[in-house]
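Q: Here it is, the structure, as structure tokens.
Bear in mind these aren't lab numbers, they're just calculated from the coordinates by the rules spelled out. Just so we're clear, the structure is a prediction, and the values are computed from it rather than from any experiment. Here Cβ is always computed from backbone atoms with ideal geometry, including for glycine, and neighbour counts include all displayed protein chains.
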Amino acid sequence: MNLADNLAEESWELLQRVRERAPLVQNITNFVAMDAAANAVLAVGASPAMVHAVEEVAEFVTVADALTINIGTLSSAWVESMRVAARTAARLGKPWVLDPVGVGATAFRRKTATELLDLRPTIVRGNASEIIALAGLAQARQKGVDSTQTTAEAEASAMLLARTLGGTVVVTGAVDLVTDGTRTVRIANGDPLMTRVTALGCALTAVTGAFAAVEKDALLAATAATAVFGLAGETAAKAARGPGSLRAALMDTLHGLDAAVVRAGVRVEASSPST
Ligand SMILES: Nc1ncnc2c1ncn2[C@@H]1O[C@H](COP(=O)(O)OP(=O)(O)O)[C@@H](O)[C@H]1O
Ligand SMILES: Cc1ncsc1CCOP(=O)(O)O
Ligand SMILES: [Mg+2]
């Protein structure tokens, strides 16, 4: 199969599937991202629930269709919730997505992310500095939660991480990269103005949970989510006057994406399986 030829169509089909099935996506995310992530999940047609108390996370995973875990505003009380939720998802065979926000910045984040990696996330989604830090391949020049490195610099780290995990890794940036260690896809959608709005990466992680809930092939699910989100961002940026109106326009655009816009607008390129 020529992966790249089909990805725009696949992205549209998966978006339709999300809209038809409206999967329930449980998110343990950060205080900054809760609103944007929940609204983005709603805008693609899925159902978000922000549930993080240790007393109820496992019970909620049993009814959720996917789980996302984001370490953005980490505190020790939440780390146990993250472990319990991820362990439950792994036991039940439900897809779960890890967003290692700012993982290179502190020892607490590195330790927590390492423990979560042991629970084998289906998909990891981060910016280049985060993926490099996580893969432990290079000394990341991490600046808080923002990336100082490019997707190209993170490619080897992403491949290594995907192969180690047996999962899919998404590196976002000017060009997004999605790899399962064998197949690799690059997505050239998005707009630089998206970096001026906080929590859009976190919102994409939550949206990726919605796509993973309806598609077992994690590379396809992550690619479709990333392409659809980037396309909505770049479409919204054309109408936006700045970060504030971009955020609103992004939600509107995600909600209204149609077949013609997705088929014509998704810009993906795939490399053939490597050895
Ligand atoms: N320079 C850029 N040009 C176009 N799109 C971008 C750029 N940087 C980030 N994006 C897009 O913004 C979204 C969030 O990615 P990113 O900023 O890398 O995540 P994070 O907020 O976690 O650092 C993604 O859809 C990504 O494609
Ligand atoms: C600013 C900030 N601080 C802790 S989490 C967070 C949000 C980060 O969101 P994103 O990684 O999507 O930019
Ligand atoms: Mg982020």
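Q: What is the sum of charges around R17, taking Lys and Arg as +1, Asp and Glu as -1, for the other residues whose C-beta is under 14 Å from the C-beta of R17?
A: -4
Q: If you take every DSSP beta bridge fully contained in the range 3-271, what fraction is antiparallel? Give it as a percent rounded to 5.
A: Bridges in the range 3-271 that DSSP calls antiparallel: roughly 40 percent.
Q: From the phi angles alone, apply the Karplus equation (6.51, -1.76, 1.60; θ = phi - 60°) to the range 64-74 and give each ³J(HN,Hα) in whole Hz, x where the residue is Gly or Pro.
A: Rounded to whole hertz, the list is 6, 8, 7, 10, 10, 10, 10, 9, x, 10, 5.
Q: Follow-up. Which chymotrypsin sites (Phe, Trp or Tyr not before Pro) from the range 4-110 combine a DSSP loop assignment with at most 16 other Cβ atoms within 10 Å?
A: F31
Q: Taking θ = phi - 60°, what integer Hz values does the Karplus form 6.51 cos²θ - 1.76 cosθ + 1.60 yield along the range 41-49, in sequence order, with x for Gly and Pro?
A: Once θ is set to phi - 60°, the couplings for the range 41-49 become 5, 4, 5, 8, x, 9, 10, x, 9 Hz.
Q: Also, I was wondering about something else. Determine the sum of side-chain charges near I131: Lys and Arg each +1, Asp and Glu each -1, restricted to other residues whose C-beta is under 12 angstrom from that of I131.
A: -4
Q: Amide H neighbours of T168 under 5 Å, counting only residues 5+ apart in sequence or on other chains, H built in-plane at 1.01 Å?
A: Amide H neighbours of T168, under 5 Å, 5+ apart: I123, V124.
Q: What is the local net charge at T184, summed over the other residues whose Cβ is closer than 10 Å to its Cβ (Lys, Arg +1; Asp, Glu -1)?
A: Computed value for this residue: -1.
Q: Continuing with this model, one more query. Using θ = phi - 60° and the Karplus relation 6.51 cos²θ - 1.76 cosθ + 1.60, list the HN-Hα couplings for the range 120-133 in order, rounded to whole Hz, with x at every Gly or Pro.
A: Going residue by residue, I get 6, x, 5, 9, 10, 10, x, 7, 4, 4, 5, 5, 5, 4 Hz, with x marking Gly and Pro.
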